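Peer 1: This structure is in structure tokens; I'll ask about it shortly.
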Amino acid sequence: MVDYLISKYNYWVYIFLMMLGFYAMMGKRNLVKKLIGMNIFQTAIILYYISIGVKKGGTLPIFMETAPRAADYINPLPHVLMLTAIVVAVSTTGVALAVLLMIYRRYKTLEENEILKSIR
Amino acid sequence: MNTMQPQAVILIVLIPLMSSYAIPLLGWRWKGSAYFIALIAIGASSVCSLLLLWTVLKQGTIHYHLGGWLPPWGIEYVIDPLNGFMGVVVCGISFLVTLSSKESVEKELPEKKVRFYAIYLLLFTGLMGIVVTGDVFNLYVFLEIASLTAYALIAIGEDGAPLASFNYIIMGTIGACFYLLGVGYLYIVTGSLNIADLAKLLPPLYHSKVVLIALAFFLIGTAIKMGLFPLHVWLPDAYTYAPSAVSSFIAPLMTKVMAYILIRVMFTVFQPSYSIEVIPLTVILSWVAAVAIIVGSIMALAQRDLKRMLAYSSVSQIGYIVLGVGLANKMGLLGAYLHILNHAFMKGCLFLVAGALMYRTGMRNIFQLGMIHRKMPFTMGALVIGALSMIGIPPTAGFFSKWYLILGSIEAQNWVFVAVILASSLLNALYFFRVIENAYFEVSRGHPEGEALIEPNREEVPLSMLIPILVLAAGILLLGLFNERIISGILIFALPPGF
Amino acid sequence: MKILAFFVALLTGGLLIYGVGDMPGWGDPNSPPSLHVSPRYIEKTMEETDTPDMVTSVLADYRGYDTLGETTVIFTAGIACLLLLRRDNQ
Amino acid sequence: MIIEYENVIIKTICRLLIPFIQLFAIYVIMHGHYSPGGGFQGGVILGASFILLVIAYGLEESRRRISLKALTIYACVGLFIYSGIGALCLLMGANYLDYGILPLPLSSIATIRAMGILGIEIGVGIGVMAIMICIFVGIASYETGGENG
């Protein structure tokens, strides 16, 4: 049991982080906190992908010898995919911040409760 | 096959992509050019997509290897009849909607034209990229392009638009991240990202829990993105507050493309037998869809804002498409495909009419429309055709897709769904006749909001707005008349193997 | 609201933990991702692209189209920020 | 709103640091073939150097040096370099982004591909730099009104 838990510890960490972010996105009433939750959520998925790529005994994926064997280098593909996901996360955050600024200019607050109150 | 036809596969995405880079460059000098660049790019893309559909139907599936790398290593574009059909639908509707956007953008967003069209074209690029790709991760990238542009376009609307857009950002990101997680779960058990390769590698792994969870997350992710009933909360606000050029673009297309992703994942990445037999997934989906149809219609009945009513009606119509997918038999699936096409036409037409009303009178409350048919007779005629089609009156297109869905329900021996479809047609009739009544007859009698606000002089919208509306309305009638030919000529080939 | 959010998060986490059962352990050199597609990237990178950094060769060549999409995503974000916060002529 | 502080130390240190940061950024872009790095990372560092300039000198002062219009053009040009290299392959008769077909006087197809990669990394670098500054300046200079504006 302990061996099982230890051999898959990367998954436990990512699931915990992801649910932390997920809870913040849904449960928090402050819009900036939701945005921070969203960032944690996306980062957790990045952590998951990166941990797929690891191979025990593998080194970083930069070619060094004359006859490379696949087992000697960690898997580069998840790193590439996650470069894309990081850029997507940055872009989403940028657009969300811009939208938050518009919300703030309109309602002068970023608390969801107060905004909903002022709409009614 | 000559060399030019395969290159059309990439041009379908490349032309709008490169044009969207050109818009800020040229728009810096000539502000008026943005609209024409967007229109020409979408037009060129439409020509390519028609060419592709024709080629696919004649010669079978087209594969295009980007960068010259073979599929499991590189990215490939795959065009099969389903893809080709979706591409033509997206291109055709986008072209008409873009054509009509000029005047309303001039009026609503005069100072943001250039960047608006750059983002608008990128949204089109994202949708086309989703449709033509044959790689699950590439699909995610284009999904994010389409989502980001949609967030931005919705946020520049009126009143509550930024808040609606922020809710959409939160929900949409959850959806997209769930999709990404599904990709990651499939990747960890197969090591591949190519759809054809995944379809080959997955069957021996169907007992695995990872594959089951992957499918679950794919479904939840796409369901959020397309606004299926319990997860639709972002949709009505977003469609209501968006600028009218945007809502008439996003409403017909965004949810349809997401429904396409759902079909693609359920029937191509996974074999139909897995989605149907191994887990009772399709049963769950069709029951959720049935609830969505009824709830969406009832919520639409409670609205007095035309755009919001149409948005809730979208929730219910998405239910039809998912119901057809969930029935998972030949008739049901044909009904879903046909409804994707028909609903794109109907919603495009109705949202354009709503935009035209906003443009000419500035009104959206359906109780204030009294006698507006004298002012805008052609627009209102289109509204009536669209509404009749939504209800499902025989010569219009909407009847036939509902007909196939009912046939599918009967084939599945499920009489509840037949009742649901009939009941929702009744509810559709209720809320659309309310609009028609207000538009054609005396000011709604005794209603507190019904005032005679319309001067009865004839004042149609400009031709650039009227022509797309009339073309879409005529399209609804033509689709109804030629539905048999569309099904036997195109859609029958788009069914997954084994149907 | 918070309690609902907590339970939804718990439920999703439970689903994810259920799925972990069949996954390969951390750093397993025989996991499917290590065996199926990626060996070619590692073994052929010098031969086919003359680029020692495999991440770069996959990013910009084997899956170069993804990178174009990714650059477009960030371009979209930039133009979207300007669209939201500024007028055209500013 | 970022305003200018009359602090000689900050300004001098920034003026000294920024060229080195930019040099490092260009190194990261160009050395992407041999070490971790590439267009995105280098572009972000390059953008950060300009953002440092904005923070140290205030928005008003830096707006004289960097205009949003120019940044938009840089972003478009960067992306045109990328998609243009791909489209050039298309015009030469190969598939999109198939760099091997490019007419470069090099010994092997692999080396030509490496040059293609370098080309698109430069495009990405320029584009990402411009967009990063765009997002920062756009968000920082937005007037939200009220006393917090």
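The values are calculated or read from the model by the stated rules, or taken from the named source; none is laboratory data. Just so it is clear, the structure is predicted and the values come from calculations on it, not from any experiment. Positions of Cβ are generated from backbone atoms using ideal geometry, with glycine treated the same way; all protein chains shown enter the neighbour counts.
Peer 1: Please determine whether any residue of segment B:87-101 is part of a helix (DSSP H, G or I), more than 19 Å from the chain's Cα centre (by Cα) and surrounded by fewer than 24 Cβ atoms within 10 Å (Cβ to Cβ). Outline the logic, then answer.
Peer 2: Within segment B:87-101, the subset part of a helix (DSSP H, G or I) is B:87-101.
Filter again for more than 19 Å from the chain's Cα centre (by Cα), leaving none.
Checked segment B:87-101: no residue is part of a helix (DSSP H, G or I), more than 19 Å from the chain's Cα centre (by Cα) and surrounded by fewer than 24 Cβ atoms within 10 Å (Cβ to Cβ).
Peer 1: Still on this structure, please answer the following. Which ones in segment C:1-35 are surrounded by fewer than 18 Cβ atoms within 10 Å (Cβ to Cβ) and closer than 15 Å to A:ARG69 by Cα?
Peer 2: C:PRO29, C:ASN30, C:LEU35
Residue-by-condition table, conditions (1) within 11 Å of chain C (Cβ to nearest Cβ); (2) under 21 Å from B:MET171 (Cα atoms):
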| position | (1), (2) |
| --- | --- |
| A:MET1 | no, no |
| A:TYR4 | yes, no |
| A:LYS8 | yes, no |
| A:VAL13 | yes, no |
| A:ARG29 | yes, yes |
| A:ILE40 | no, yes |
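Peer 1: Let me ask you something else. Please go through segment D:90-129 and give me each residue that is hydrophobic (A, V, I, L, M, F, W, C) and within 10 Å of chain C (Cβ to nearest Cβ), ordered by number.
Peer 2: First pass over segment D:90-129, keeping only residues hydrophobic (A, V, I, L, M, F, W, C): D:90-92, D:94, D:97, D:101-102, D:104, D:106, D:109-110, D:112, D:114-115, D:117-118, D:120, D:122, D:124, D:126, D:128-129.
Selection gives D:LEU97, D:LEU106, D:ILE109, D:ALA110, D:ILE112, D:ALA114, D:MET115, D:ILE117, D:LEU118, D:ILE120, D:VAL124, D:VAL128.
Peer 1: Need pairs with beta-carbon distance below 8 Å; first residue within 9 Å of chain C (Cβ to nearest Cβ) and within segment B:139-153, second outside any helix (DSSP H, G or I) and buried (at least 24 other Cβ atoms within 10 Å of the Cβ); sequence gap 6+ or separate chains.
Peer 2: B:PHE142/B:THR133; B:LEU153/B:ALA242; B:LEU153/B:PRO243
Peer 1: Considering only helices (runs of 4 or more DSSP H) fully contained in chain C, which possess at least 3 residues that are more than 8 Å from chain B (Cβ to nearest Cβ) and under 27 Å from B:LEU139 (Cα atoms)? Steps first, answer last, please.
Peer 2: Working: elements: C:2-20, C:32-35, C:38-49, C:54-57, C:64-85.
So the answer is C:2-20, C:38-49, C:54-57, C:64-85.
Peer 1: Does B:THR133 meet the test of being surrounded by 24 or more Cβ atoms within 10 Å (Cβ to Cβ), within 19 Å of A:GLN42 (Cβ to Cβ) and either modelled with pLDDT under 95 or more than 12 Å from chain C (Cβ to nearest Cβ) (or both)? Spell out how you get there, then give the answer.
Peer 2: Numbers: surrounded by 24 or more Cβ atoms within 10 Å (Cβ to Cβ): yes; within 19 Å of A:GLN42 (Cβ to Cβ): no; either modelled with pLDDT under 95 or more than 12 Å from chain C (Cβ to nearest Cβ) (or both): yes.
No: the conditions fail for B:THR133.
Peer 1: Take residues that are surrounded by 22 or more Cβ atoms within 10 Å (Cβ to Cβ) and tell me which of the helices (runs of 4 or more DSSP H) falling wholly in segment B:353-448 contain 2 or more.
Peer 2: Answer list for segment B:353-448: B:377-391, B:397-411, B:415-440.
Peer 1: Follow-up question, since we're still on this one. Of B:TYR168, B:TYR151, B:TYR185, which residue is over 20 Å from the mean Cα position of the chain (by Cα), in a helix (DSSP H, G or I) and aromatic (Phe, Trp, Tyr)?
Peer 2: Only one candidate passes the filter, namely B:TYR185.
Peer 1: Show the residue pairs meeting these rules: Cβ distance below 8 Å; 6+ apart or different chains; first residue within segment B:154-183 and more than 16 Å from B:PHE137 (Cβ to Cβ) and facing chain A (nearest Cβ under 9 Å); second residue among the charged types (D, E, K, R) and assigned to a loop (DSSP other than H, G, I, E, B).
Peer 2: Filtered contacts from segment B:154-183: B:ILE156/B:LYS112.
Peer 1: Of all residues in segment B:224-233, count the ones that are within 14 Å of chain C (Cβ to nearest Cβ) and buried (at least 22 other Cβ atoms within 10 Å of the Cβ). Step through it out loud before you land on a result.
Peer 2: Our first condition is that a residue be within 14 Å of chain C (Cβ to nearest Cβ); within segment B:224-233, this holds for B:224, B:230-231, B:233.
Next cut, buried (at least 22 other Cβ atoms within 10 Å of the Cβ) only: B:224.
Total satisfying the criteria: 1.
Peer 1: Would you be able to say whether some residue in segment D:130-142 is buried (at least 16 other Cβ atoms within 10 Å of the Cβ), out of contact with any strand residue (DSSP E or B) (no Cβ under 7 Å at 6 or more places or on another chain), in a loop (DSSP other than H, G, I, E, B) and within 11 Å of chain C (Cβ to nearest Cβ)?
Peer 2: yes
Peer 1: Working only within segment B:62-84, note down all residues that are touching a residue at least 60 places away in the same chain (Cβ under 8 Å) and in contact with a Phe, Trp or Tyr (Cβ under 7 Å, 6 or more places away or on another chain).
Peer 2: Hits for segment B:62-84 are B:ILE75, B:GLU76, B:TYR77, B:PRO81.
Peer 1: Report the residue count in segment D:85-104 for those that are assigned to a helix (DSSP H, G or I) and surrounded by 16 or more Cβ atoms within 10 Å (Cβ to Cβ).
Peer 2: Of the residues in that region, 9 qualify.
Peer 1: Also, quick follow-up: Output the residues belonging to segment A:1-24 that are of a type in the set (A, V, I, L, M) and at pLDDT below 90.
Peer 2: Within segment A:1-24, A:MET1, A:VAL2, A:LEU5, A:ILE6 qualify.
Peer 1: How do the pairs read when you match residues in segment B:191-218 that are without any contact (Cβ under 8 Å) to a residue 60 or more places away in the chain with residues anywhere that are outside any helix (DSSP H, G or I) and surrounded by fewer than 16 Cβ atoms within 10 Å (Cβ to Cβ), using Cβ under 6 Å and keeping only pairs 6 or more apart or on different chains?
Peer 2: That search, which allows pairs on different chains as well, returns B:LYS209/C:GLY21.
Peer 1: Among the residues of segment D:22-38 satisfying the criterion of being touching a residue at least 40 places away in the same chain (Cβ under 8 Å) and facing another protein chain (nearest Cβ under 8 Å), which is nearest to the chain's Cα centre (by Cα)?
Peer 2: D:GLY38
Peer 1: Among the listed residues A:VAL87, A:VAL95, A:VAL32, A:VAL80, which satisfies the condition of being part of a helix (DSSP H, G or I) and surrounded by fewer than 18 Cβ atoms within 10 Å (Cβ to Cβ)?
Peer 2: After applying the criteria, what remains is A:VAL32.
Here is a yes/no grid of residues against (1) of a type in the set (Val, Ile, Thr); (2) within 11 Å of chain C (Cβ to nearest Cβ); (3) surrounded by 24 or more Cβ atoms within 10 Å (Cβ to Cβ):
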position: B:TYR187; (1), (2), (3): no, yes, yes
position: B:VAL210; (1), (2), (3): yes, yes, no
position: B:PHE249; (1), (2), (3): no, no, yes
position: B:TYR260; (1), (2), (3): no, no, yes
position: B:ILE263; (1), (2), (3): yes, no, no
position: B:THR268; (1), (2), (3): yes, no, no
position: B:VAL283; (1), (2), (3): yes, no, no
